[in-house]
């Protein structure tokens with residue numbers, strides 16, 4: 001102990017300037033390494049960051065090409081003549097309605113055999129599929145109704161599929177008027193000998209689905225269909241089904257019955273892709289999912305590979 005005290009007094013245990021410099025460098029290196037690790041950790045995307053980025057990408061979802069915007073789906077009041085051209089050597093299927101008809105086109109293109117089925121499309125934003133031009137709320141929709149009236153004077157597709165934003169068109173007190181317009185249109189098509197299928201209300205959500213999924217993920221909440229899906233679609237589906245009974249050349253197909261067993265609608269498909277890119281309009285994958293389940297009801301024999 002005496003030796004240690006003497007050494008301390010003589011300064012032999014105190015570090016030299018070189019040793020002190022080395023120690024300082026070592027401490028600085030450790031601190032810098034820790035800071036770098038923190039920076040890397042802060043800039044490396046977490047699972048939450050990646051999920052948020054994925055969901056935010058649907059804010060600018062490119063639906064126009066999928067829905068054939070500008071030709072067979074638009075806002076001007078007419079569709080291109082090519083969208084209505086029938087093929088004499090194939091079954092001609094016409095999709096008629098608004099954007100909630102156009103969103104079925106990608107799925108139809110997957111389930112229908114192009115060698116035997118010719119898919120035609122006549123869709124206008126916000127326009128109900130009806131011949132009653134006077135009932136349409138805007139000039140483009142009235143023009144669209146007149147175009148379709150003229151088309152059916154000379155053309156007979158084998159199957160017409162009607163679809164639309166029925167929740168919007170049936171807002172109180174408009175339900176009875178909507179049904180009256182649809183019955184008038186169905187009667188005219190029936191008199192022409194054309195088979196018609198009307199697709200009931202599609203799956204709709206309380207808000208933008210990707211945003212709802214992102215909020216649930218950030219909160220660590222398990223998404224439940226009953227918390228996401230707009231319940232009004234089920235009541236409207238029942239009312240429309242009762243008001244539009246099937247007959248020889250007409251059938252009503254309940255989309256929610258086909259897609260939402262026990263009212264448990266799918267929220268995501270194909271490993272996490274939202275069914276819809278907003279509150280109702282289907283993603284490409286969502287359209288394929290829904291149409292794979294509607295295809296047998298439409299009489300289309302071919303379905304997506306692996307789901308036959």
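The values are calculated or read from the model by the stated rules, or taken from the named source; none is laboratory data. Quick caveat, the model's predicted, so the values are computed rather than measured. Backbone-built Cβ (ideal geometry, glycine too); neighbour counts: all protein chains shown.
Restricting attention to the range 234-260, the residues being part of a helix (DSSP H, G or I) and at pLDDT below 95 number 0. Take residue 161 and decide whether it is under 30 Å from residue 286 (Cβ atoms), touching a strand residue (DSSP E or B) at 6+ places or on another chain (Cβ under 7 Å), at pLDDT 95 or above and assigned by TED's automatic domain parsing to the domain that holds residue 71. So residue 161 passes the test. Quick check on residue 87: is it under 23 Å from residue 153 (Cα atoms), in contact with a strand residue (DSSP E or B) (Cβ under 6 Å, 6 or more places away or on another chain) and outside any strand (DSSP E or B)? Yes.
Residue-by-condition table, conditions (1) more than 21 Å from residue 276 (Cα to Cα); (2) outside any loop (DSSP other than H, G, I, E, B):
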| position | (1), (2) |
| --- | --- |
| 123 | no, yes |
| 127 | no, no |
| 156 | yes, no |
| 179 | yes, yes |
| 186 | yes, yes |
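A count restricted to the range 138-186 and to residues that are without any contact (Cβ under 8 Å) to a residue 60 or more places away in the chain and within 17 Å of residue 253 (Cβ to Cβ) stands at 1. The residues on offer are 203, 290, 197, and the sole one that is within 26 Å of residue 109 (Cα to Cα), part of a helix (DSSP H, G or I), touching a helix residue (DSSP H, G or I) at 6+ places or on another chain (Cβ under 9 Å) and at pLDDT 95 or above is 290.
Assigned to a helix (DSSP H, G or I), out of contact with any strand residue (DSSP E or B) (no Cβ under 7 Å at 6 or more places or on another chain) and crowded, with 16+ Cβ neighbours inside 10 Å: is that true of residue 144 in this structure? So residue 144 fails the test.
Against the conditions (1) within 19 Å of the chain's Cα centre (by Cα); (2) free of Cβ contacts under 8 Å to residues at least 24 places away in the same chain, residue 74 satisfies every one except (2). For the range 46-68, a residue qualifies if it is surrounded by 16 or more Cβ atoms within 10 Å (Cβ to Cβ) and assigned to a loop (DSSP other than H, G, I, E, B), and the qualifying residues are 61, 63, 68.
Screening the candidates 228, 234 for the property of being in contact (Cβ under 8 Å) with a residue 24 or more places away in the chain and more than 16 Å from the chain's Cα centre (by Cα) yields one hit, 234. Is it true that some residue in the range 208-221 is crowded, with 18+ Cβ neighbours inside 10 Å and assigned to a loop (DSSP other than H, G, I, E, B)? Scanning the range 208-221 turns up at least one residue that is crowded, with 18+ Cβ neighbours inside 10 Å and assigned to a loop (DSSP other than H, G, I, E, B).
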